[in-house]
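S.K.: Sharing a structure with you now.
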Amino acid sequence: MDRFVIEGPTKLAGEVRCSGAKNAVLPLMAAALLSRGVSEIGNVPDLRDVRTFMRLLEILGARCHLEGGDLTIDTTAVTGVEAPYDLVKTMRASIYVLGPLLAYGGEARVSLPGGCAWGPRPVNLHLGGLERLGAKVQLEAGFIHTTAPDGGLQGGSFRFEPSSVGATCNVLMAATLAAGRTELSNCAIEPEVTQLGRALVAAGARIDGLGTPTLVIQGVGELDPIRHRVIPDRIEAGTFLCAAALTGGDVVVRDCVPAHLESALAALGDMGCLLDVGTDFVRLQAPERLRAVEIVTRPYPAFPTDMQAQFMAAACVAEGVSHLTETIYPDRFTHTAELRRLGAEIRLDGATATIVGVPVLEGAPVMATDLRASAALVLAGAAARGTTTVDRVYHIDRGYERIEAKLNALGARIRRENV
Ligand code: EPZ
């Protein structure tokens, strides 16, 4: 198991390039199951979750190859319908194969995803949406077993309450091959969802309303393989900008889509950062000391829950008292206890964290608990005085491509050790 040993404090400076978005590539990989042939996806980050999803597709009978950011998925020989527990337990996004397998072949068996570090992660909206398309859903021995009616899935109407990225993707994929008209309301409008829709349209799907909460899908008989280039990872971009802010640095994040980052950029501006926003880059110059900030996480385009931990780390050294309220996952605060070990002053009242900024954090051993919490700890370690060790960095490898190489190129001092 790897850990990071981080020496601080360091001021980050220079340029870093954004990789393709993890949360965009995973549903695109599942969408390859909606056709039989060779799908080609570009700008794919080499992440643990991408490799896991490749293994899942291979278990189903596909052949996958990832090299230099180019991923090919040959689904010609796919006959499998089951996503096994030992794989689903490591990656919840495995549930994305449910909709496509059901829509293309009429059957899917996916192990019921468990919870995660910060609590239960229900799938009722995934299942409810598929049932509305005529699917029969049975829970048996820890598996979700779904079957389509003899004539295949039929169009229907469904409202997501609350809006759900994963459920929108799953039901949208299934609806593309469901006979007739489907209307989905209160859909998630995260860029990763809109990108999936565009890729499906390019493959022959008929979808109206992309980018809005209401999607109308006219089912088609078959789709072509996916041919698409993954959008830049807005969460990775925000993480690097946060790192620059937290360490008092001056960093340019290239190959990003600033329009996908507006709420995070607004928060960084509120904290006193000087931002130069271009078409595909953002430059951040940090102030001598960050100002406190008020953040409430909500669905896109509001402030993303996936950047809450990173901004909490920044608030730990800001001047004044910050408040972070988490409305998507009220328990998503496992990083709080670890940040306190670095000297942070944080109080939790239900879904709101109150952070009293301290002048400097002190390095200490801490433990990663989930993907974004581990990113927050790495950022805090880069700013802290002394040595910080972050255990269980396999969490961070799930969603960040070579994060220590990218941060070290900006002046961080992170060493990966195998322990
Ligand atoms: C996606 O998870 C992302 N994962 C998460 O990123 C992200 O935090 C989340 O969206 C919110 O933006 C991927 O894209 C692979 P949701 P997802 O369904 O789809 C409730 C990361 O760090 N809900 O949008 O699982 C749910 O409890 C990961 O990259 C139901 O009630 O999230 C939550 O309160 C972590 N029933 C809300 O919806 C359901 O069936 C939003 O969750 C599904 C969700």
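S.K.: Could you tell me the relative contact order of the stretch 22-229? Use alpha-carbon pairs under 8 Å, at least six residues apart, and round to a whole percent.
M.R.: Numbers: 468 pairs, mean separation 44.5, N = 208.
RCO, the stretch 22-229: 21 percent.
S.K.: Continuing with this model, one more query. What are the ³J(HN,Hα) couplings of the stretch 224-233, residue after residue, when phi is run through the Karplus curve with 6.51, -1.76, 1.60 and θ = phi - 60°? Round to Hz, x for glycine and proline.
M.R.: 7, x, 6, 10, 7, 10, 6, 5, x, 7
S.K.: Does anyone have the angle between helix 165-175 and the longest principal axis of the chain? Alpha-carbon axes, 0 to 90°, nearest 10?
M.R.: The angle comes out at about 20 degrees.
S.K.: Same structure, new question: Please list the non-local residues whose amide H lies under 5 Å from the amide H of C116, H modeled 1.01 Å from N, same-chain partners needing a gap of 5 or more.
M.R.: Long-range HN contacts for C116: R121.
S.K.: Here is a further query. With an 8 Å cut-off on Cα pairs and a minimum separation of 6 or more residues, tell me the relative contact order of the stretch 1-119 in percent.
M.R.: Value for the stretch 1-119: 24 percent.
S.K.: Given the C-alpha atoms of the stretch 310-377, compute the convex hull and give its volume per residue in Å³. Walk me through the intermediate numbers first.
M.R.: On the way: hull volume 4.7 nm³, N = 68.
In the stretch 310-377, the Cα hull volume divided by residue count equals 70 Å³.
S.K.: Sticking with this structure for a sec: Tell me which cysteines of the chain come out unpaired when the rule is another cysteine's Cβ under 4.7 Å.
M.R.: So, C64, C116, C169, C187, C242, C273, C316.
S.K.: If packing is taken as the average count of other Cβ atoms within 10 Å, what order do 161-172, 295-306 fall into, highest mean first?
M.R.: Working: 161-172: 23.2, 295-306: 19.5.
The packing order, highest mean first, is 161-172, 295-306.
S.K.: State the percentage of accessible surface on the stretch 22-229 attributable to carbon and sulfur atoms; use a 1.4 Å probe and exclude ligands, DNA and RNA.
M.R.: Numbers: 3810 of 7950 Å².
Carbon plus sulfur share of accessible area: 48 percent.
S.K.: Hey, what do the phi angles of the stretch 52-59 turn into as Karplus ³J(HN,Hα) couplings, whole Hz, using 6.51/-1.76/1.60 and θ = phi - 60°, x for Gly and Pro?
M.R.: Karplus-based 3J(HN,Hα) across the stretch 52-59 equals 5, 5, 4, 5, 4, 4, 5, 4 Hz.
S.K.: May I ask what percent, to the nearest 5, of DSSP beta bridges between residues of the stretch 123-229 are antiparallel?
M.R.: Working: 12 of 16 bridges.
Approximately 75 percent, going by the DSSP bridge assignments.
S.K.: Sort all Cα-Cα distances of the chain into consecutive 20 angstrom bins from zero, then give the percent of pairs in each bin up to the one containing the longest distance.
M.R.: Histogram of Cα-Cα distances, whole percents per bin: 28, 55, 17, 0.
S.K.: Once the dipole of the stretch 1-47 is set up with Lys and Arg at +1 and Asp and Glu at -1 on Cβ about the Cα centre, which of L26, M1, V16 lies farthest towards its positive end?
M.R.: Final value for the positive-end residue is L26.
S.K.: Under a 1.4 Å probe, what is the accessible area of the chain per residue, stated in Å²? Write down the numbers at each step before the final one.
M.R.: On the way: 15610 Å² over 419 residues.
Computed with neighbouring chains in place, this is 37 Å² per residue.
S.K.: Counting DSSP beta bridges in the chain, what percent are antiparallel, to the nearest 5?
M.R.: Working: 59 of 83 bridges.
The antiparallel fraction comes to roughly 70 percent.
S.K.: If you don't mind, another one. Per-residue ellipticity at 222 nm for the chain, helices alone: DSSP H runs ≥ 4 residues times -39500 (n - 2.57), over residue total, nearest 500 deg cm²/dmol? Walk me through the numbers before you get to the answer.
M.R.: Working: 14 runs with 127 residues, N = 419.
Counting only the DSSP helices, I get -8500 deg cm²/dmol.
S.K.: Helix 371-383 versus the longest principal axis of the chain: what is the Cα-based angle in degrees, 0 to 90, to the nearest 10?
M.R.: Approximately 20 degrees, to the nearest ten.
S.K.: Just how far, in whole angstrom, is the stretch 60-89 from the stretch 278-315 if you go by their alpha carbon centroids?
M.R.: 35 Å
S.K.: Per-residue HN-Hα couplings for the stretch 355-364, Karplus 6.51 cos²θ - 1.76 cosθ + 1.60 at θ = phi - 60°, whole Hz, x for Gly and Pro?
M.R.: Whole-Hz 3J(HN,Hα) from phi for the stretch 355-364: 10, 9, x, 10, x, 8, 8, 10, x, 6.
S.K.: Moving to a separate point now. Under 28 Å Cα-Cα from K22, which lysines qualify once same-chain neighbours fewer than 8 residues away are excluded?
M.R.: Here the lysines satisfying the reach criterion relative to K22 are K11, K89, K406.
S.K.: Okay, moving on. Pairs of Cα atoms under 8 Å, at least six residues apart: use those to get the relative contact order of the chain, whole percent. Can you show the working numbers first?
M.R.: Working: 1062 pairs, mean separation 89.3, N = 419.
It rounds to 21 percent for the chain.
S.K.: Given H placed on each backbone N at 1.01 Å, which residues far from A409 in sequence or on other chains put an amide H within less than 5 Å of it?
M.R.: Correct list: empty.
S.K.: Let me ask something else. So if I take the centroid of the Cα atoms in the stretch 383-419 and the same for the stretch 128-205, what is the distance between those two points in Å?
M.R.: The two parts, judged by their Cα centres, are 38 Å apart.
S.K.: Let me ask something additional. If amide hydrogens are placed 1.01 Å from N in the peptide plane, which non-local residues have theirs closer than 5 Å to the one on E82?
M.R.: R109
S.K.: For the stretch 22-229, just say rounded, prolate or oblate: build the C-alpha gyration tensor, square-root its eigenvalues into a ≥ b ≥ c, call rounded for a/c under 1.5, and beyond that prolate if a/b exceeds b/c, oblate if not. Could you put the intermediate results ahead of the total?
M.R.: Working: a/c = 1.26, a/b = 1.11, b/c = 1.14.
Judged from the Cα gyration tensor, the stretch 22-229 comes out rounded (a/c under 1.5).
The values are calculated or read from the model by the stated rules, or taken from the named source; none is laboratory data. No experiment lies behind these values; they were computed from the predicted model shown. We place every Cβ from the backbone using ideal geometry, glycine too, and count neighbours over all the protein chains shown. We work out accessible area using only protein heavy atoms, side chains counted, and drop any ligands, DNA or RNA first. Shrake-Rupley method; radii C 1.70, N 1.55, O 1.52, S 1.80 Å.
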